[in-house]
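Report on one structure; see the data block that follows.
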Amino acid sequence: MANPRIPYRMSSSRPKLPPMDGKSILVHLVVNVEHWQFDHAMPRTIITPPHGRETVPDVPNFSWADYGMRSGMPRILDLFAKRGLPASTSFNAGVIDAYPEAAIAMRDAGWEFIGHGMHQKAMNHVEGGEGALIKACLDKIEGFTGKKVRGWLSPGLRETVDTPDILKAAGVDYVCDWVVDDLPSYMTTKAGPLVAMPYNVEVNDSIIYAIERHATGEMARRLEFTLRQFEAESTENPRVLAIGLHPHLISVPHRMHELVHMLDVLQASDKVLFTTGSAICDWFTANQTPGA
């Protein structure tokens, strides 16, 4: 197989799934909340270092992310609360210690916590091994929220060849790294089936603004085109529309209006249901068995 974890099939040949609560477009708002370590190289930059030489500490690029946690987070929390929208946070467990006020605010808002590593760095070649790191992250988040962590999104979506096996063995129900379809799929692991949850590398502020460096407005444009396409396709089978958000990108002052507009567009569609990763996972597994 081209894909060693998920057997290939065209989306048009998938078994039919019923609407969820009468809606055929399931919108999953995923706010990526990260801990960029001050004494490490930054995982992403907005300002190129002088002469191309990386520096530590990297004050301007650290501050870029730190601003999001201080000023961007309150804007997102307030907007979602005023509209009564459910959300998930793909959450570095280190945020509990680094940004406790933000962590408490998300917990109190009822957001779902998706494991996202300990800090914003790759999980390979970590001290103690990947399995120990994943367990430490899951335990730390569960201890903080009082709830089992059911989902996982690897930092940068980067896995090792063993990551799905480790996640399933640790009790995780779904993973967002495998962006292969607009509906969930079952993955093969040594510990049994794991759900591959749709995520998005196209309608994602990190891709659009930090990597591709488009002008403000591009994310809303893509969202509207995506919604129109899904509205047509969802007459045959539902669609999951995950939207990746970062506090230092989408909720800066000159882009906050764009997030507001995207929510306006989505809420105006009678096909849209805002929901969470766990709810989508339960809907999928209740209606389709592995091997179907």
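The values are calculated or read from the model by the stated rules, or taken from the named source; none is laboratory data. Only a predicted model underlies this, so the values are computations on that prediction, with no experimental measurement involved. Neighbour counts run over all protein chains shown; Cβ positions are idealised from the backbone, glycine included.
Some values worked out for this structure:
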| read-out | value |
| --- | --- |
| In segment 237-266, the residues that are touching a helix residue (DSSP H, G or I) at 6+ places or on another chain (Cβ under 7 Å) and not hydrophobic (A, V, I, L, M, F, W, C) | Arg239, Gly244, His246, Pro247, His248, Ser251, Glu258, His261 |
| Selected residue (criterion: surrounded by the most Cβ atoms within 10 Å (Cβ to Cβ)) from residues of segment 241-257 that are without any contact (Cβ under 8 Å) to a residue 40 or more places away in the chain and outside any helix (DSSP H, G or I) | Pro253 |
| Which numbered condition Met262 misses (of (1) touching a residue at least 40 places away in the same chain (Cβ under 8 Å); (2) among the hydrophobic types (A, V, I, L, M, F, W, C); (3) more than 20 Å from Val33 (Cβ to Cβ)) | (3) |
| Members of segment 148-191 that are part of a loop (DSSP other than H, G, I, E, B) and more than 18 Å from the chain's Cα centre (by Cα) | Thr160, Val161, Asp162, Ala170, Gly171, Thr188, Thr189, Lys190, Ala191 |
| Filter result for Ala196 (crowded, with 21+ Cβ neighbours inside 10 Å, over 21 Å from Val33 (Cβ atoms), among the aliphatic types (A, V, I, L, M) and modelled with pLDDT of 95 or more) | yes |
| Segment 50-67 residues that are part of a helix (DSSP H, G or I), paired with ones that are among the acidic types (Asp, Glu) and at pLDDT 95 or above (beta carbon under 9 Å, 6 or more apart) | Ala65/Glu34 |
| Residue that is of a type in the set (Gly, Ala, Ser) and at positive phi, where the choices are Gly143, Gly151, Gly129 | Gly129 |
| Any chance Asp270 is acidic (Asp, Glu) and surrounded by 15 or more Cβ atoms within 10 Å (Cβ to Cβ) | no |
| Hits in segment 165-184 - residues which are over 12 Å from Met197 (Cβ atoms) and not hydrophobic (A, V, I, L, M, F, W, C) | Asp165, Lys168, Gly171 |
| Subset of segment 99-134 (residues that are assigned to a helix (DSSP H, G or I), in contact with a helix residue (DSSP H, G or I) (Cβ under 8 Å, 6 or more places away or on another chain) and not basic (Lys, Arg)) | Ala102, Ala103, Ala105, Met106, Glu130, Gly131, Ile134 |
| Scan of segment 258-288 for residues that are within 17 Å of Leu85 (Cα to Cα) and assigned to a loop (DSSP other than H, G, I, E, B), ordered by number | Ala268, Ser269, Asp270, Lys271, Thr276 |
| Tabulated pairs, segment 15-36, first over 25 Å from Ile250 (Cβ atoms) and among the acidic types (Asp, Glu), second at pLDDT 95 or above and outside any loop (DSSP other than H, G, I, E, B), C-beta under 8 angstrom, 6+ apart or interchain | Asp21/Leu273 |
